[in-house]
Amino acid sequence: MTTVAQQPLSPPYPCALAPWASDPQKSRGRRVPEPPSPPRNEHQRDRDRIVHSTAFRRLVYKTQVFINHEGDLFRTRLTHSLEVAQLGRSAARALRLNEDLVEAIALAHDLGHTPFGHAGQDALHECMREHGGFEHNLQSLRVVDELEARYAAFDGLNLCFETREGILKHCGARNAARLVQAEPHGPAQRFINGGQPSLEAQLVNLADELAYSAHDIDDGVRSGLLDEDQIMQVPLLHHWQTQTLQEHPGLLGRRLLGETLRRMLSAQVHDLVHCTQSAVQALAPTNSDAVRALPPLAALSTAMRLQTTQLKHFLFEALYRHPQVQQVTDQAKTVVTELFRVYTEDPLQMPLEHAQAARSGQHQALPRTVADYIAGMTDRFALREYLRLTGRQPFADALQRSAQ
Ligand code: MG
């Protein structure tokens, strides 16, 4: 009788992980068990599945703040996700955490976003108010658990628990109860019992915040909606611009802004690494499960937290609520709301697979099927559908601006 040499569940991590890091060899596993895929470890494999997913490719045409056709150089959900992965990996390596898991969570964290950013989500949530609501974190999990249709043996991407746990960043009590009923001890369990996710997931949450605060300043200035005098009112930006000018007197324009933001981000990441390291040393978790039972360990210092919050408040007031952004937001809400109305009234306006799913009750009732379909759209596909179904062309002002 021949025997097959037993393969390890996953190859060892190439550099020594900290004891509190998520070790891919000790993963809680996948919902559908699969044989290992050497030489990749289980979290590299998750990362690869995310990169090859349809939802990931769609991020390139989804709004971060500025709708896609307002200009070629603004961040999209895709470039935002790559920047989060870059910041997260830098911090993870310094802390000897699992970079592959950080990268997988970062690349997947916005997969559930609707077209047109938060405006699209708010509109879809309003449409779904009587049907369980819509929330992009939950939708990201739904994309990787159910909606991707690429594999013969399962729906979704069948990712590891640790990746799914990181994707489900927030979850309200009602949704948590529903998810836990379907999957006891799954990633929603911590929203019932209390507790934190892995340190890698905590790190990605902060990397997300740091990434968008910096790049939204950059895009805000590029768009002309923020000017230099305004941004100099933000203490963190003022500090790093002053430092830059001391070393490079006379530096102007985009180079000055680039240097300022680069230095600010470096300082924030250093602060994050230092504070997280201190918290880990103080509370000394013995492994990644001990991390889950402790208060949050990934953190900024009190001073940096204050300055980062000031920066976010500035962005909220000066950019996100800028009349020009608000105008686009209002039109985006109209597009999403109208699409929802038309598809709900006439499901056959959706591609056959979605219309059939709505009829069969697969993926729940009609409203959820419509919400899944709309949430998966890119900005430009949603606009094409809106034009086809209503004959109207929104965002004429934005199109005109981008042509100038
Ligand atoms: Mg994000």
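Beta carbons closer than 8 Å, at least 6 apart along the sequence or on distinct chains, pair a first residue in segment 46-62 that is farther than 9 Å from residue 111 by Cα with a second that is part of a helix (DSSP H, G or I) and among the acidic types (Asp, Glu) for 46/100; 47/100; 47/103; 61/379; 62/379. Between 213, 223, 288, the distinction of being within 16 Å of the ligand (Cβ to nearest atom), among the hydroxyl-bearing types (Ser, Thr, Tyr) and surrounded by 18 or more Cβ atoms within 10 Å (Cβ to Cβ) belongs to 213 only.
Taken over segment 198-229, the criterion of being in a helix (DSSP H, G or I) and hydrophobic (A, V, I, L, M, F, W, C) is satisfied by 199, 201, 203, 204, 206, 207, 210, 211, 214, 217, 221. For residue 30, are the conditions met, namely being away from the ligand (no atom under 16 Å from the Cβ), over 12 Å from the mean Cα position of the chain (by Cα) and either within 28 Å of residue 292 (Cβ to Cβ) or modelled with pLDDT of 95 or more (or both)? For residue 30, the condition - away from the ligand (no atom under 16 Å from the Cβ), over 12 Å from the mean Cα position of the chain (by Cα) and either within 28 Å of residue 292 (Cβ to Cβ) or modelled with pLDDT of 95 or more (or both) - is met. Against the conditions (1) assigned to a helix (DSSP H, G or I); (2) in contact (Cβ under 8 Å) with a residue 40 or more places away in the chain; (3) of a type outside the set (Phe, Trp, Tyr), residue 137 satisfies every one except (2).
Name every residue in segment 331-351 that is part of a helix (DSSP H, G or I) and either loosely packed, with under 12 Cβ neighbours inside 10 Å or of a type in the set (A, V, I, L, M, F, W, C) (or both), in order of residue number.
332, 335, 336, 339, 340, 342, 345, 348
Residue count for segment 110-126 under the criterion of being within 11 Å of the ligand (Cβ to nearest atom) and among the acidic types (Asp, Glu): the result is 1. For segment 251-278, a residue qualifies if it is more than 25 Å from the chain's Cα centre (by Cα), on the phi < 0 side of the Ramachandran plot and small (Gly, Ala, Ser), and exactly one does: 278.
For the condition of a type in the set (Asp, Glu) and buried (at least 19 other Cβ atoms within 10 Å of the Cβ), what is the one hit in 126, 183, 130, 162?
From the options 126, 183, 130, 162, the qualifying one is 162.
Of all residues assigned to segment 129-146, at least one qualifies as being small (Gly, Ala, Ser) and within 16 Å of the ligand (Cβ to nearest atom). Restricting attention to segment 164-183 and to residues that are outside any helix (DSSP H, G or I) and either at pLDDT 95 or above or within 19 Å of residue 297 (Cβ to Cβ) (or both), the residue that is farthest from the ligand (Cβ to nearest atom) turns out to be 183. Regarding segment 190-205, can at least one residue be identified that is within 15 Å of the ligand (Cβ to nearest atom) and small (Gly, Ala, Ser)? Yes: one or more hits. Across segment 72-102, which residue is nearest to the ligand (Cβ to nearest atom) among those that are charged (D, E, K, R) and within 21 Å of residue 280 (Cα to Cα)? Taking the candidates together, the pick is 89. Looking at residue 354, is it assigned to a helix (DSSP H, G or I) and more than 17 Å from residue 205 (Cα to Cα)? When the stated conditions are applied, residue 354 passes them.
Residues of segment 252-263 include none that is within 16 Å of the ligand (Cβ to nearest atom), of a type in the set (Val, Ile, Thr), buried (at least 22 other Cβ atoms within 10 Å of the Cβ) and modelled with pLDDT of 95 or more.
Can you tell me which residue within segment 29-67, out of those that are more than 26 Å from residue 116 (Cα to Cα) and among the polar types (S, T, N, Q), is surrounded by the most Cβ atoms within 10 Å (Cβ to Cβ)? Before you say what the answer is, go through the steps one by one.
Our first condition is that a residue be more than 26 Å from residue 116 (Cα to Cα); within segment 29-67, this holds for 29-46, 48.
Add one more test, that the residue is among the polar types (S, T, N, Q), and what stays is 37, 41, 44.
Working: 37: 13, 41: 26, 44: 21.
Looking at the filtered set, the residue picked out is 41.
For residue 142, indicate whether it is in a helix (DSSP H, G or I) and either among the basic types (Lys, Arg) or at positive phi (or both).
yes
The values are calculated or read from the model by the stated rules, or taken from the named source; none is laboratory data. Because the structure is a prediction, the values reported are computed rather than measured. Every residue, glycine among them, receives a Cβ derived from its backbone with ideal geometry; neighbour counts consider all protein chains shown.
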